[in-house]
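Here the structure comes first, spelled out in structure tokens, and everything after it is commentary.
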Amino acid sequence: MHVVLSGYYGFDNVGDEAILFSIVHALRKWQPDVKITVLSNNPASTAQTYGVNAVNRWKLKKVSQMLKQADGLISGGGSLMQDQTGMKSIPYYCGIIRIAKFHKKPVFVYAQGMGPINQKISQLLVKNTFKKVDQITVRDVASKQLLADIGMNSSVSIVPDPVMGLDAKTFRSEWLAGQTFDNGYITVSVRDWPSAVPFKQKIADSLDLLARDGKTIVFIPMHGDHDEKSSHELAALMQEKCIIAPGNLSIEEKIAVIGQSDLLIGMRLHSLIFSAIQATPFIALSYDPKIDAFADIANQPVIGHVEKDDWDGTQLFERAVDMLANLPSLEQALSEQVQTLQAEANATAKLALETFLK
């Protein structure tokens with residue numbers, strides 16, 4: 001079987017690369033000899049990293065040739081159908097689906113997070129394109145509701161994010177092995193986001209309080225240079241010392257660094273997911289509904305929204321201290337929560353393969 005994968009791949013975004021890593025692993029678990037072609041912004045790197053075939057996502061003639069040869073298209077996962085960060089994303093991903101359907105190939109929407117879809121034209125494009133696909137799976141209730149709100153009457157299933165299916169017990173970090181933390185450490189994932197609220201200063205204030213309480217603070221940049229810059233900016237607002245992990249750590253290493261920490265304070269969705277699959281409790285800082293949705297799934301707190309001024313560094317500090325005082329019970333509860341999600345996440349790949357066999 002030959003499967004084509006479409007997503008935000010080859011852009012050095014650890015969250016999306018982790019999704020690709022997870023889908024490839026899950027497909028191969030169910031069908032070891034499956035041929036996988038990834039539509040990538042950096043085909044050479046994607047091919048080498050994941051042991052797959054890869055083509056340039058922008059060369060639509062080549063993409064069309066691949067889809068014509070394939071048994072089906074997987075669209076996702078990740079937040080592909082959204083117009084919050086620009087108007088090009090939805091037309092592109094819907095266009096890939098339409099090319100696949102032009103060649104009469106089955107399309108499986110894989111654990112996508114929908115929205116925000118603000119523009120009417122974007123809503124119509126998603127609605128009319130998704131009516132043509134063979135199966136739709138989304139990663140949370142809010143995504144399913146959004147599709148219903150724009151007029152999608154098709155059956156939509158809720159499944160976990162693909163990364164939830166990873167078994168990370170064997171993941172290690174050489175960088176972490178070279179560090180010495182006397183009393184454990186807290187990981188922090190931040191990103192830039194336009195806001196009139198000085199949320200970075202609020203986070204810095206809380207981290208200073210935690211550092212004075214004897215905690216080591218370790219920033220873990222999730223999106224390469226972008227988050228590395230944000231981490232340095234936030235560290236500069238702190239009065240106490242902190243550590244910034246290298247932005248180029250592998251997916252496995254970043255999962256290990258977060259997993260071996262006592263607590264994560266995170267903005268990036270996949271920092272929260274990395275934390276959950278290692279049963280490391282987390283406190284989320286929201287900038288997007290997907291953050292709130294996953295925190296709800298994992299039963300972990302959201303301290304506030306980066307665009308709202310109804311929280312402060314002291315509240316974040318106090319919540320962290322309270323959670324650190326109850327780690328064993330929190331870890332156990334999160335571990336039990338995650339076990340069910342891991343099995344369900346891996347089952348999504350089987351569902352996709354069965355769709356292409358019909």
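The values are calculated or read from the model by the stated rules, or taken from the named source; none is laboratory data. The model shown is predicted, which means the values in this text are computed figures rather than measured ones. With ideal geometry, Cβ positions are generated from the backbone for all residues, glycine too; neighbour counts draw on all protein chains shown. Surface accessibility is based on the protein's heavy atoms, side chains included, excluding ligands, DNA and RNA. Shrake-Rupley method; radii C 1.70, N 1.55, O 1.52, S 1.80 Å.
Figures for the structure shown
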item: Failed criterion for Asp71 (all others in (1) without any contact (Cβ under 8 Å) to a residue 40 or more places away in the chain; (2) more than 26 Å from Pro221 (Cα to Cα); (3) open to solvent by 50 Å² or more (accessible area, probe 1.4 Å) hold); result: (1)
item: Extreme residue, modelled with the lowest pLDDT, among residues of the stretch 1-26 that are surrounded by fewer than 23 Cβ atoms within 10 Å (Cβ to Cβ) and of a type in the set (A, V, I, L, M, F, W, C); result: Phe11
item: Given (1) open to solvent by less than 10 Å² (accessible area, probe 1.4 Å); (2) at pLDDT 95 or above; (3) part of a helix (DSSP H, G or I), index of the condition Thr137 fails; result: (3)
item: Only one of Ile303, Ile283 that is open to solvent by 20 Å² or more (accessible area, probe 1.4 Å) and assigned to a strand (DSSP E or B); result: Ile303
item: Pairs with Cβ under 6 Å, 6+ apart, first in the stretch 238-252 and among the basic types (Lys, Arg), second part of a loop (DSSP other than H, G, I, E, B) and crowded, with 16+ Cβ neighbours inside 10 Å; result: none
item: Count - residues of the stretch 36-65 that are open to solvent by 60 Å² or more (accessible area, probe 1.4 Å) and either closer than 23 Å to Ala343 by Cα or part of a helix (DSSP H, G or I) (or both); result: 7
item: Only one of Gly95, Gly86, Gly51, Gly115 that is touching a residue at least 60 places away in the same chain (Cβ under 8 Å) and of a type outside the set (Asp, Glu); result: Gly115
item: 1 or more residues surrounded by fewer than 24 Cβ atoms within 10 Å (Cβ to Cβ): qualifying strands (runs of 3 or more DSSP E) within the stretch 171-277; result: 185-189, 216-219
item: Selection within the stretch 140-163 - open to solvent by 50 Å² or more (accessible area, probe 1.4 Å), of a type in the set (Val, Ile, Thr) and either touching a residue at least 60 places away in the same chain (Cβ under 8 Å) or farther than 23 Å from Leu20 by Cα (or both); result: Val141
item: Count of residues meeting criterion [surrounded by fewer than 21 Cβ atoms within 10 Å (Cβ to Cβ) and under 18 Å from the mean Cα position of the chain (by Cα)] in the stretch 103-134; result: 1
item: Long-range neighbours under 7 Å by Cβ, at least six apart or interchain, first residue more than 12 Å from Asn299 (Cβ to Cβ) and touching a residue at least 12 places away in the same chain (Cβ under 8 Å) within the stretch 326-340, second of a type in the set (Val, Ile, Thr) and open to solvent by 70 Å² or more (accessible area, probe 1.4 Å); result: none
item: Qualifying residue in the stretch 260-269 (condition: modelled with pLDDT of 95 or more, in contact with a Gly (Cβ under 7 Å, 6 or more places away or on another chain) and among the basic types (Lys, Arg)); result: yes
item: Restricting the stretch 80-90 to residues that are at pLDDT 95 or above and in contact with a Gly (Cβ under 8 Å, 6 or more places away or on another chain), the residue that is surrounded by the most Cβ atoms within 10 Å (Cβ to Cβ); result: Met81
item: Flag if Lys350 is open to solvent by 40 Å² or more (accessible area, probe 1.4 Å) and either farther than 25 Å from Arg212 by Cβ or more than 15 Å from the chain's Cα centre (by Cα) (or both); result: yes
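Residue-wise test of (1) at pLDDT 95 or above; (2) closer than 22 Å to Ile36 by Cβ.
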residue: Gly78; (1), (2): no, yes
residue: Tyr92; (1), (2): yes, yes
residue: Ile99; (1), (2): yes, yes
residue: Lys104; (1), (2): yes, yes
residue: Asn118; (1), (2): no, no
residue: Leu124; (1), (2): yes, no
